[in-house]
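The values are calculated or read from the model by the stated rules, or taken from the named source; none is laboratory data. Since we're looking at a predicted model, the values are computed, not measured. Reconstructed Cβ throughout: ideal geometry from the backbone, glycine too, with neighbour counts over all protein chains shown. Note: accessible area is taken over every heavy atom of the protein model, side chains too, but ligands, DNA and RNA are not part of it. Shrake-Rupley method; radii C 1.70, N 1.55, O 1.52, S 1.80 Å.
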There are 2 protein chains.
Amino acid sequence: MQPKGLSTKSVLAELKNMQRIDQHYDNGKILCSMCTKPHPLAKKAYEMFFESNLGDSGLFPGTALLEKEVIQALATLLHGEKAVGFLVSGGTEANLMALLAARNASKIEHPEVVLPQSAHFSFTKICNLLNLKPVYAGLDSSFRVDPTEVKKCISKNTIAIVGTAGTAELGAIDPIDKISEIALRYGVYLHVDAAFGGLVIPFIKDFKPNFDFNIEGVKSITVDPHKMGMAAIPAGGILFKEANALDLIKTETLYLTDRVQYTFVGTRAGAAAASAWAVFKALGKAGYQKVVGDCIKNTKLLAEGFEKQGFKLVVEPTLNLVAFRSANTKSLAEKLRAKGWFISYLSRYDCIRIVVMPHIKKRHAVAFLEDLCQIEKL
Amino acid sequence: MQPKGLSTKSVLAELKNMQRIDQHYDNGKILCSMCTKPHPLAKKAYEMFFESNLGDSGLFPGTALLEKEVIQALATLLHGEKAVGFLVSGGTEANLMALLAARNASKIEHPEVVLPQSAHFSFTKICNLLNLKPVYAGLDSSFRVDPTEVKKCISKNTIAIVGTAGTAELGAIDPIDKISEIALRYGVYLHVDAAFGGLVIPFIKDFKPNFDFNIEGVKSITVDPHKMGMAAIPAGGILFKEANALDLIKTETLYLTDRVQYTFVGTRAGAAAASAWAVFKALGKAGYQKVVGDCIKNTKLLAEGFEKQGFKLVVEPTLNLVAFRSANTKSLAEKLRAKGWFISYLSRYDCIRIVVMPHIKKRHAVAFLEDLCQIEKL
């Protein structure tokens, strides 16, 4: 820290220089992110509630009401009539709260959790924290967890099963209904990680896979407004089917306006809750259907383009993710990167994976296909 | 979620209604918060870097550089020549990362952590998550942890000791140098929670308690720019004395621009890092000395006022926190609350505790003393 402060002008000038080095969603080159440019009203709302701290919600009852309404909207969307929850730092904290509730509900000394091989890496962190042994269940040919494999992984130490509705790598939707049957049969907690898919699947026309509280065994769902919800970071979301789950994760506070806290994070950006609220109100279901519809359209355009150019799709896309491979995918990924495209190369599937977020417009998809064609011709 | 979106105008009108219900730091009535109104440049910087995600820092190398510079500034301030670290969601995540490193470094089956009785409640959450047994050490008459008590709490299962530099309740600074001797003697990890004090103590004139990396045994420090640093939420901070601690907490990612992640939270608000950077640059050491100096002045004004009115201070304030009691403190707290003052009543010390943050101006302190006087006269 320098001895004396700088002028506002020079601070802003330095910030502008740094801003130039960053990528920006608007340039359409970011094809590897599950976050996107927040909706204009998300930004406006964030600015209005900039000071707000939901970790001390007695001071900010207006913001607390906004959070409550966002949670209610998510609960209704995901068929959780009595569901309760919070907006948290992100999917990792949301998944943590779910598995913490599951672990604390059990008395098992060496608890295990059954995870699809495709589960998000946040579960690696969480298992490490909570001393949970992860037991990985294999996938079927569509990269969805195989229920027979899940069943094989169950032991007397199993305290939870996780399913994913929209995997981060390939957008696969696990057969939650089948997993639920297993969870109910063995009396095991079932958590659904719909961090990404929870605000995609309900808005896709003529596509109604069952993945939410409609399914009896589902006890909690992660669903992040700061991904496809177009809210500002940090707006992850956790929903519990029933309020009594909260007793398993509460901590007493000593000096705050709230006497207990349920989230892991203490101080919480109320502005992010306001941002989520603003987008929900501004878009409504119809608005999200339009946003998601456009993403799906561009995904199909890309998928067809890849096949036309002779690339192989890893799997037929259902959500707004598409992955493909060539004879030498890794080298292709490097060439695309050299042309300024930010894509993910997934070594475990030897593929290039693209997330078609709302900031990817048709013209960006077309430009990507053109560059791809050009690279292959060389 | 309603079927159709609302107009921008009506969304903003509803948000304004909610904003009116919230308290605002500017009104000077919030005397119970360790957060404050962010510096104007913190807000400006936040808006500039609104999209940025440090959980995928390859996309945002400019923001990543800002974070690095904030961490370097904090490291220098706290005498950590080789210290490394991150801006995280808050003090809770920062404390978690420290105790996770300590736990993962040990091979002890039933690990214990020695905590001052005054440790922040986030450690209750963390011990629950990490399966650490908290062993509480008693305090001395100044509410600082008693090193003799700490020593008594050490067992063969102890993996870490925590000390606090600026407790949340009374602003006490534990004798970190003495605790360090114990930590070194028993080969135990020492973490300092300076979430609040880390950006206060270095800026107080003629007051140099030793609490940071100057002390040999200190392995990590929590220090939150979103508290007295006047940065925007979420800007907690964690510093590790040496980079090799990071190996103990890393997780591999599968599809991000970063191959490993050290923070608990995945997606991270880069805008908060930019906000911290902007305040550090705008204020410099001299600016923080002025801010902290004013807070301390107002704290003294309040403390003297309380004593003049016949109240008893719980302890002579060293930082910008002051706590007092009367014959019936709880009832007094309720009367102050009825007059619109937000103060904390701490049942375990039967006192009213006030945090004199930068948003508390002299006129607010004077008005509070006047109301207090009036209540007592009735």
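Summing Lys and Arg as +1 and Asp and Glu as -1 over all other residues whose Cβ lies under 12 Å from the Cβ of B:L54 gives a net charge of -3. Kindly tabulate the residues in the range B:269-293 with an accessible-area decrease of at least 20 Å² between the chain alone and the assembly of all protein chains, using a probe of 1.4 Å. Correct list: B:A269, B:W277, B:F280, B:K281, B:A282, B:G284, B:K285, B:A286. Sites listed here are GluC sites (Glu not before Pro) in the range A:1-81 whose DSSP assignment is loop and whose Cβ has at most 11 other Cβ atoms within 10 Å: A:E81. Computed from Cα atoms alone, the Kirkwood hydrodynamic radius reported for the range A:279-343 is 13.6 Å.
Please work out the Cα center distance from the range A:309-350 to the range B:175-203, rounded to the nearest Å. Cα centroid to Cα centroid, the span is 49 Å.
Counting from the shortest, the label point at A:N27, 7 Å from Cα toward Cβ, is 4.5 nm from the same position in each remaining copy.
Using only protein heavy atoms and a 1.4 angstrom probe, determine the accessible area buried between A and B, summed over both sides, in Å² to the nearest 100. If you can, show how the numbers build up before the last one.
Numbers: alone 18610 and 18600 Å², together 28300 Å².
Roughly 8900 Å² of accessible surface disappears when A and B pair.
Converting phi to 3J(HN,Hα) with the Karplus coefficients 6.51, -1.76 and 1.60 and the offset θ = phi - 60°, the range B:281-287 yields 5, 5, 8, x, 4, 4, x Hz in sequence order, with x at every glycine or proline. Each copy carries a label point for A:K312 at 7 Å from Cα along the beta-carbon vector; from one copy to the others these points are 8.1 nm apart, nearest first. With a cut-off of 11 Å between beta carbons, the residues surrounding A:C127 carry a summed charge of +2, where Lys and Arg count +1 and Asp and Glu -1. Reducing the range B:26-94 and the range A:234-297 to their Cα centroids gives an inter-centroid distance of 22 Å.
Shielding of A:35-48 by partners, i.e. mean partner chain Cβ atoms within 10 Å per residue?
Working: counts 7, 1, 2, 2, 0, 1, 6, 1, 3, 4, 5, 5, 4, 6.
Across the residues of A:35-48, the mean count of other-chain Cβ atoms within 10 Å is 3.
Within the protein assembly as shown, DSSP assigns beta bridges of which about 55% are antiparallel (rounded to the nearest 5).
Here the accessible area of the protein assembly as shown is 51 percent carbon and sulfur, with a 1.4 angstrom probe and all protein chains present. The label-point distance for A:E81 and B:A286, in a model that sets each label 7 Å from Cα toward Cβ, rounds to 6.7 nm.
Residues of the range B:104-125 that bury at least 50 Å² of accessible area once all protein chains are present, compared with their chain alone (1.4 Å probe, heavy atoms only, ligands and nucleic acids left out), are B:F121, B:K125.
Taking a quarter of the surface of the Cα convex hull of the protein assembly as shown gives a mean projected area of 31.6 nm². Size descriptors for the range B:267-309 (Cα atoms only): Rg and Dmax, in that order, 16.2, 51 Å.
When Rg and the Kirkwood Rh are both derived from Cα coordinates, the Rg/Rh ratio for the range A:172-251 amounts to 1.00.
Accessible surface computed residue by residue for chain B, with neighbouring protein chains in place and a 1.4 Å probe, gives 37 Å² per residue. Reported to the nearest whole Å, the Cα centre-to-centre distance from the range B:120-168 to the range B:360-375 is 36. Of the residues in the range A:11-28, those shielded by at least 20 Å² of accessible area once partner protein chains are present, compared with the chain alone at a 1.4 Å probe, are A:V11, A:L12, A:E14, A:L15, A:M18, A:Q19, A:I21, A:D22, A:Q23, A:Y25.
Kirkwood hydrodynamic radius, the range A:232-378, all distinct C-alpha pairs: what's the number in Å? Each step should come with its number before you reach the end.
Numbers: mean 1/r = 0.0535 Å⁻¹.
It is 18.7 Å.
Across the range A:65-80, coupling constants 3J(HN,Hα) worked out from phi with the 6.51/-1.76/1.60 Karplus curve, θ = phi - 60°, read 5, 4, 4, 4, 5, 5, 4, 4, 5, 5, 4, 5, 4, 9, 6, x Hz, and Gly and Pro carry x.
Give me the net charge of A:Q261's neighbourhood, meaning all other residues with Cβ under 15 Å from the Cβ of A:Q261; Lys, Arg count +1, Asp, Glu -1. Display every interim value, and only then the final one.
Working: positive: A:K250, A:R259, A:R268, B:K125; negative: A:D56, A:E67, A:E93, A:D247, A:E252, A:D258, B:E93.
That works out to -3.
Calculate the all-directions average of the projected area of the range A:238-316's alpha-carbon convex hull, and give it in nm². Write down the numbers at each step before the final one.
Working: hull surface 36.7 nm².
Seen from a random direction, the Cα hull of the range A:238-316 projects 9.2 nm² on average.
A simple spin-label model places pseudo-atoms 7 Å from Cα toward Cβ; at B:V260 and A:S7 they are separated by 4.4 nm. A Förster radius of 56 Å combined with the Cβ-Cβ distance from B:E316 to B:E242 puts the calculated FRET efficiency at roughly 0.95.
Ignoring the sites themselves, chain A has its longest run without trypsin sites (Lys or Arg not before Pro) in a DSSP loop having at most 11 other Cβ atoms within 10 Å at A:260-347.
List, shortest first and in nm to one decimal, how far the label point of A:A367 (7 Å from Cα along Cα→Cβ) is from its counterparts in the other copies. So the distances to the same position in the other copies read 5.3 nm. Inter-chain Cβ neighbour count for B:53-62, averaged per residue, equals 6 (cutoff 10 Å, partner chain atoms only).
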